[in-house]
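Single-structure report; data block below.
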Amino acid sequence: MSIIKRLPIHPPPIYEKTVGEWIESLAEANLTPFKVMFFYITKTAKNIGFINALMKLTEFSRWIIIKLENKFKTDYWEKKRVCPIIGCKFRKKDNHYLFEHIENVHNLGSGWYQCLICDFKTKLIKDLETHLNKSHNRFEIQKYNKND
Ligand SMILES: [Zn+2]
Ligand SMILES: [Zn+2]
C-alpha cells in the first residue's frame with residue numbers, strides 16, 4: 001500500500017469554481033505546472049478514486065469537495081488519452097495534444113493576466129481591458145506606466 005502525502009500548500013476550493021479550477025490553484029500554490037499536478041492527482045485517483053484522492057492530497061472533507069462544480073468524468077483515467085471533462089468526446093493519442101485541448105477548449109492550465117495596479121486577475125485579455133477601463137482611471141494607469 002502506498003502512502004499518499006498531503007500537498008504542502010492547499011488553498012481551499014471556492015464554491016462557484018470547478019474542480020479543474022481548484023486543481024489549477026493547487027498547482028499554482030505549490031509552484032507546479034498544471035499538467036504535473038493533474039497527472040499526480042490522476043495517479044492517486046487510480047488507486048482510491050477521484051474525490052478520495054482530492055481529500056487525501058488536501059485537508060478538505062468530502063462535503064466541501066463535492067460542493068464544487070465537478071466537470072470531471074468519473075473514472076476518466078480508465079479511457080486513456082480521452083478528455084477528462086464531462087460531455088467532451090475529444091480523444092488524442094498524444095498527451096501533448098490533450099493538454100493543448102484542455103487549455104484551449106476548457107480554459108484550464110493556461111496563464112493568467114494580472115492587473116498591474118491591483119490584485120485582479122483573469123484568463124481573458126478582454127476581461128482585463130474591461131477591468132482597467134472600469135476600475136482604474138487613465139491617470140492611475142499613466143502613473144503606473146511612468147513608475148515602471
Ligand atoms: Zn475536452
Ligand atoms: Zn486592477
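The values are calculated or read from the model by the stated rules, or taken from the named source; none is laboratory data. This structure is a prediction, so every number in the text was calculated from the model and none was measured. Cβ placement follows ideal geometry from the backbone for every residue including glycine, while neighbour counts extend to all protein chains displayed.
See the values below:
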{"read-out": "Selection count where residues are more than 22 Å from Asn104 (Cβ to Cβ), of a type in the set (Asp, Glu) and modelled with pLDDT of 90 or more, scope the range 5-46", "value": "0"}
{"read-out": "Candidates Ser61, Ser2, filtered to the one that is farther than 30 Å from Thr130 by Cα, modelled with pLDDT under 90 and of a type in the set (Ser, Thr, Tyr)", "value": "Ser2"}
{"read-out": "From Val82, Val105, residue being without any contact (Cβ under 8 Å) to a residue 40 or more places away in the chain, in contact with a Cys (Cβ under 8 Å, 6 or more places away or on another chain) and away from ligand 2 (no atom under 16 Å from the Cβ)", "value": "Val105"}
{"read-out": "Helices (runs of 4 or more DSSP H) contained in the range 64-148 and holding at least 3 residues within 16 Å of ligand 1 (Cβ to nearest atom) and within 28 Å of Ile48 (Cβ to Cβ)", "value": "95-106"}
{"read-out": "Of all residues making up the range 97-126, the number that are charged (D, E, K, R) and surrounded by 14 or more Cβ atoms within 10 Å (Cβ to Cβ)", "value": "2"}
{"read-out": "Residue under evaluation Asp75, criteria (1) closer than 23 Å to Asn107 by Cα; (2) crowded, with 16+ Cβ neighbours inside 10 Å, criterion not met", "value": "(2)"}
{"read-out": "Identity of the residue in the range 127-148, modelled with pLDDT of 85 or more and either under 16 Å from the mean Cα position of the chain (by Cα) or not polar (S, T, N, Q) (or both), that ends up surrounded by the fewest Cβ atoms within 10 Å (Cβ to Cβ)", "value": "Lys134"}
{"read-out": "Which listed residue is within 16 Å of ligand 2 (Cβ to nearest atom) and farther than 23 Å from Ile4 by Cβ, from Lys143, Lys89", "value": "Lys143"}
